[in-house]
Amino acid sequence: MILGIDHVGVVTEDAAAVGAFLDALGMTRTEDGTAPDYGVSCDFWQFSPAAAEPAVEVVAPIAPDAAVHDYLGNNGPGLYHVAFEVDDLEGELSRLRRNGFIPIDREPCRGARPGMRVAFLYLPKPAAFLVELVHYPTRRRG
């Protein structure tokens, strides 16, 4: 089951500059990490450190083969994905595949937060929508 929005991902090659703008909006960087399977760094920004509050994730490439390089080259920086926390990652992957979403990941990968497992799916029509499913060992919301 989908429990709620975990974060909205913004992709950039200049995480510090995006962070300055989020700071000006009154947000605080509450967590940071890397997602080695994707070759990216991830900074999580929130208005409060409450785990259940959705975050803005600033995603930046840190490896030459980072998963976001093609996206940045074709589209430039900006809104990248919406991430939903789920209570059953494999179950939701199967359900969304049956509903027309195309899996990007063969299997769930490590995310940037401790214990986080993630998987990306894409819905080309009607919205060209990239979705990240997120699962934690202990629920953050719901």
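For segment 3-33, which positions are over 18 Å from PRO77 (Cα atoms), within 16 Å of the chain's Cα centre (by Cα) and crowded, with 16+ Cβ neighbours inside 10 Å? Correct list: LEU3, ASP6, ARG29, THR30, GLU31, ASP32, GLY33.
Beta carbons closer than 6 Å, at least 6 apart along the sequence or on distinct chains, pair a first residue in segment 35-55 that is under 20 Å from ARG141 (Cβ atoms) with a second that is in a loop (DSSP other than H, G, I, E, B) and small (Gly, Ala, Ser) for CYS42/ALA112. If you go through segment 47-76 and keep only what is closer than 12 Å to HIS7 by Cα and in contact with a helix residue (DSSP H, G or I) (Cβ under 9 Å, 6 or more places away or on another chain), you end up with VAL56, VAL58, VAL59.
The set of residues in segment 28-83 being hydroxyl-bearing (Ser, Thr, Tyr), in contact with a Ser or Thr (Cβ under 8 Å, 6 or more places away or on another chain) and within 20 Å of LEU133 (Cβ to Cβ) consists of THR34 alone. Count of segment 72-114 residues, restricted to those that are under 20 Å from GLY33 (Cβ atoms), at pLDDT 95 or above and either among the acidic types (Asp, Glu) or surrounded by fewer than 13 Cβ atoms within 10 Å (Cβ to Cβ) (or both), is 1. Among the residues of segment 47-70, not a single one is under 22 Å from ALA15 (Cα atoms), among the hydroxyl-bearing types (Ser, Thr, Tyr) and within 16 Å of the chain's Cα centre (by Cα). Quick one: what pairs do we get from segment 108-134, first residue touching a residue at least 12 places away in the same chain (Cβ under 8 Å) and outside any loop (DSSP other than H, G, I, E, B), second surrounded by fewer than 16 Cβ atoms within 10 Å (Cβ to Cβ) and not hydrophobic (A, V, I, L, M, F, W, C), C-beta under 6 Å, 6+ apart or different chains? Pairs that qualify, where the first residue is touching a residue at least 12 places away in the same chain (Cβ under 8 Å) and outside any loop (DSSP other than H, G, I, E, B) and the partner is surrounded by fewer than 16 Cβ atoms within 10 Å (Cβ to Cβ) and not hydrophobic (A, V, I, L, M, F, W, C), are CYS109/ASP37; ARG110/ASP37; LEU121/PRO103; LEU130/TYR122.
The values are calculated or read from the model by the stated rules, or taken from the named source; none is laboratory data. Remember, predicted model here, so these are calculated numbers, not experimental data. Cβ sites come from the backbone with ideal geometry, for glycine too, and all protein chains shown count toward neighbours.
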